[in-house]
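Novice: After the structure tokens below, expect a handful of questions from me.
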Amino acid sequence: MNNYILKNAQIISMDDNIGDFNNADILVNNDKITSVSKDIHTDSNVDVIDCSNMIIAPGFINTHIHTWQTGLRGVSADWTLSDYLKAVHSGLASYFKPEDIEIANYVGALHQIHCGTTTLVDWCHNNPTANHTNSAINGLRKSNIRAIFLHGSPKHPPKEDQKHFSEIPMPKSEIVRLRKDEFNSNDDLLSLGLAVLGPQQSIMAVCEEDFRLANDLDLFISMHIGGQFLTPNGFDDLNKLNLLSSKTNIVHANRITDDMLNMLIEANVTFSLTPEVELQMGFGNPLTKRLIEHNGRMAFGSDIESAMAADMFSVIRTSLQAVRHEITLESYEKTNKPPDKMSVSSRNALEWATINAASILSMDNIIGSISPGKKADLIMFKKDEINFTPTHDPIASILFHSGPRDIDSVIINGSFVKRNGNLIDKKLPSLLEKLNESGKRIVHDFLAR
């Protein structure tokens, strides 16, 4: 049982009703925050943790990551989108055994914790068998991270007499099994969703079947949109069937038309953006600026660790500076000078990674801010480090002057999962050795095919 008080901390609550504090306390009981205030008085049975040298903020939320690719770190750093699709989905993915998925998800989730992410959306589209799926879930569960596991399907080229993946809906019996057996508790750290092909990559009959399955089981549903549509009117048709909702999430979508964007926003659809990958792989300008202008709901993710770092510091810095750059280019085009004011602030960017992301996942009632009644999902920064001193603006210090090395502690569901700069999981050295062996074998087998 957790019953403690974080004393004398600088607090960034991300809750407008509470505000921020230069010096205040957070009382935690079991898995929840019970009070945020100055000079909280407690009974003697409450552990007191001195946080006078700490900045405490809500944990980061990574809304789009393919955690199963952790063992492929760096292999796609110089790849175009076509390179990636050919090598990964038509090649490397098929060499993963269930144990490879498990170690990748386990270490990948631990790395997210190390970097301050307390909730991730695991877009797992390499589930050729139930054993692969079970192993992916086991990896997440062992890490003690909060996560939405999105069950996807592999995109291997069809063998003779097989249908193309665009004609194959989600395996309903498997999803029902998972909902019943693996995700049968609403209090679990893990929840289930669907990573579907959507209108870009599947025929309309498959789109409708997948969306109806998600609707029937009340599941979060997400899809990539990054190129030409196999079903151009798919979103219009899904909207007419009342199958689009706030639990519908679209990843990328950089080049969709304004008409489509407005229709999706009116249908309460949300967006996950991954600007680092989008800028590398030719998706075009991230959708950030257009979503701001159209009042769309968005959050951000790291996407593929096979290409770049998965920490949310890198993601948010890139996302913020990319949209600022786009606004600057527009200003030069219109007035031949840079903007007179900064229209997207550092606080806006931190909102993207905390309370806005929680809202995207329909979880803002339990996470995303430091608020009484919410889960205690927190990150604690050492502000006496050389890069933190002096701290004029704690949000600026976090976003622009810090990184994973500055995170002293991470709390998920009220429990410390990182403390004094180290992960609580003591098996890390053996896990890294196992991940190294897994990743090298997969790449070797792929190259030797």
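Novice: Which of (1) open to solvent by 10 Å² or more (accessible area, probe 1.4 Å); (2) outside any loop (DSSP other than H, G, I, E, B) does residue 41 not meet, given it meets every other one?
Specialist: Unmet for residue 41, out of (1) open to solvent by 10 Å² or more (accessible area, probe 1.4 Å); (2) outside any loop (DSSP other than H, G, I, E, B): (2).
Novice: While we're looking at this one, here's another question. Of the residues in segment 97-114, how many are part of a loop (DSSP other than H, G, I, E, B) and under 17 Å from residue 74 (Cβ atoms)?
Specialist: Within segment 97-114, residues that are part of a loop (DSSP other than H, G, I, E, B) and under 17 Å from residue 74 (Cβ atoms) number 0.
Novice: Let me spell it out: the conditions are (1) touching a residue at least 40 places away in the same chain (Cβ under 8 Å); (2) under 30 Å from residue 379 (Cα atoms), and residue 282 meets all of them except one. Which number is the exception?
Specialist: With (1) touching a residue at least 40 places away in the same chain (Cβ under 8 Å); (2) under 30 Å from residue 379 (Cα atoms) applied to residue 282, the lone miss is (2).
Novice: Among the residues of segment 395-404, what is the count of those that are touching a Ser or Thr at 6+ places or on another chain (Cβ under 8 Å) and either of a type in the set (Ser, Thr, Tyr) or buried (at least 18 other Cβ atoms within 10 Å of the Cβ) (or both)?
Specialist: Here the count works out to 3.
Novice: Let me ask something additional. Looking at segment 250-265, can you tell me whether even one residue there is at positive phi and either of a type in the set (Gly, Ala, Ser) or at pLDDT below 95 (or both)?
Specialist: yes
Novice: I would also like to ask the following. For segment 407-415, indicate whether the set of residues that are in a helix (DSSP H, G or I), of a type in the set (Gly, Ala, Ser) and surrounded by fewer than 21 Cβ atoms within 10 Å (Cβ to Cβ) is non-empty.
Specialist: Scanning segment 407-415, I find no residue that is in a helix (DSSP H, G or I), of a type in the set (Gly, Ala, Ser) and surrounded by fewer than 21 Cβ atoms within 10 Å (Cβ to Cβ), so the answer is no.
Novice: Output the residues belonging to segment 115-138 that are open to solvent by 10 Å² or more (accessible area, probe 1.4 Å) and out of contact with any strand residue (DSSP E or B) (no Cβ under 7 Å at 6 or more places or on another chain).
Specialist: Matches in segment 115-138: 128, 129, 130, 131, 132, 134, 135, 138.
Novice: Which residue pairs have Cβ atoms under 6 Å apart, sit 6 or more places apart or on different chains, and have a first residue in segment 12-27 that is modelled with pLDDT of 95 or more and in a strand (DSSP E or B) and a second that is exposed (fewer than 13 other Cβ atoms within 10 Å of the Cβ) and of a type outside the set (Asp, Glu)?
Specialist: If the second residue must be exposed (fewer than 13 other Cβ atoms within 10 Å of the Cβ) and of a type outside the set (Asp, Glu), the pairs left are 24/38.
Novice: Taking the condition modelled with pLDDT under 95, of a type outside the set (Val, Ile, Thr), open to solvent by less than 10 Å² (accessible area, probe 1.4 Å) and outside any helix (DSSP H, G or I), does residue 343 pass?
Specialist: The answer is no for residue 343.
Novice: Identify the residue in segment 63-109 that is in contact with a Pro (Cβ under 8 Å, 6 or more places away or on another chain) and open to solvent by 20 Å² or more (accessible area, probe 1.4 Å) and, among all such residues, is nearest to residue 436 (Cα to Cα).
Specialist: Taking the candidates together, the pick is 94.
Novice: Of all residues in segment 290-319 being open to solvent by 10 Å² or more (accessible area, probe 1.4 Å) and among the hydroxyl-bearing types (Ser, Thr, Tyr), which is farthest from residue 266 (Cα to Cα)?
Specialist: Taking the candidates together, the pick is 314.
Novice: Then there's this: Within the set of pairs 6 or more residues apart or between chains, which connect a residue that is free of Cβ contacts under 8 Å to residues at least 40 places away in the same chain inside segment 60-76 to a residue that is open to solvent by 10 Å² or more (accessible area, probe 1.4 Å) with Cβ atoms less than 7 Å apart?
Specialist: none
Novice: Filtering segment 353-394 down to residues that are open to solvent by 10 Å² or more (accessible area, probe 1.4 Å) and not in a loop (DSSP other than H, G, I, E, B), which residue is farthest from residue 247 (Cα to Cα)?
Specialist: Ranking the candidates gives 382 first.
Novice: Six or more apart or on different chains, Cβ atoms under 7 Å: show the pairs whose first residue is in segment 226-244 and touching a residue at least 12 places away in the same chain (Cβ under 8 Å) and whose second is among the β-branched types (Val, Ile, Thr).
Specialist: Close Cβ pairs (under 7 Å, with a partner that is among the β-branched types (Val, Ile, Thr)) amount to 230/203; 231/203; 244/269.
Novice: Shifting gears a bit: Looking at residue 230, is it crowded, with 16+ Cβ neighbours inside 10 Å, out of contact with any strand residue (DSSP E or B) (no Cβ under 8 Å at 6 or more places or on another chain) and within 23 Å of residue 278 (Cα to Cα)?
Specialist: yes
Novice: Another question about this same structure. Looking at segment 47-61 only, could you name the residues that are of a type outside the set (Ser, Thr, Tyr), open to solvent by 20 Å² or more (accessible area, probe 1.4 Å) and in a loop (DSSP other than H, G, I, E, B)?
Specialist: If the condition is that a residue be of a type outside the set (Ser, Thr, Tyr), open to solvent by 20 Å² or more (accessible area, probe 1.4 Å) and in a loop (DSSP other than H, G, I, E, B), then 53 is the only one that fits.
Novice: Out of segment 253-301, which residues are farther than 23 Å from residue 240 by Cα and among the β-branched types (Val, Ile, Thr)?
Specialist: 274, 277, 288, 292, listed by residue number.
Novice: I would also like to ask the following. Take residue 331 and tell me if it is modelled with pLDDT of 95 or more, surrounded by fewer than 24 Cβ atoms within 10 Å (Cβ to Cβ), among the small types (Gly, Ala, Ser) and assigned to a helix (DSSP H, G or I).
Specialist: The answer is yes for residue 331.
The values are calculated or read from the model by the stated rules, or taken from the named source; none is laboratory data. This is a predicted model, so every value here is computed, not measured. Every residue, glycine as well, gets a Cβ built from its backbone with ideal geometry; the counts of neighbours run over all protein chains shown. Note: accessible area is taken over every heavy atom of the protein model, side chains too, but ligands, DNA and RNA are not part of it. Shrake-Rupley method; radii C 1.70, N 1.55, O 1.52, S 1.80 Å.
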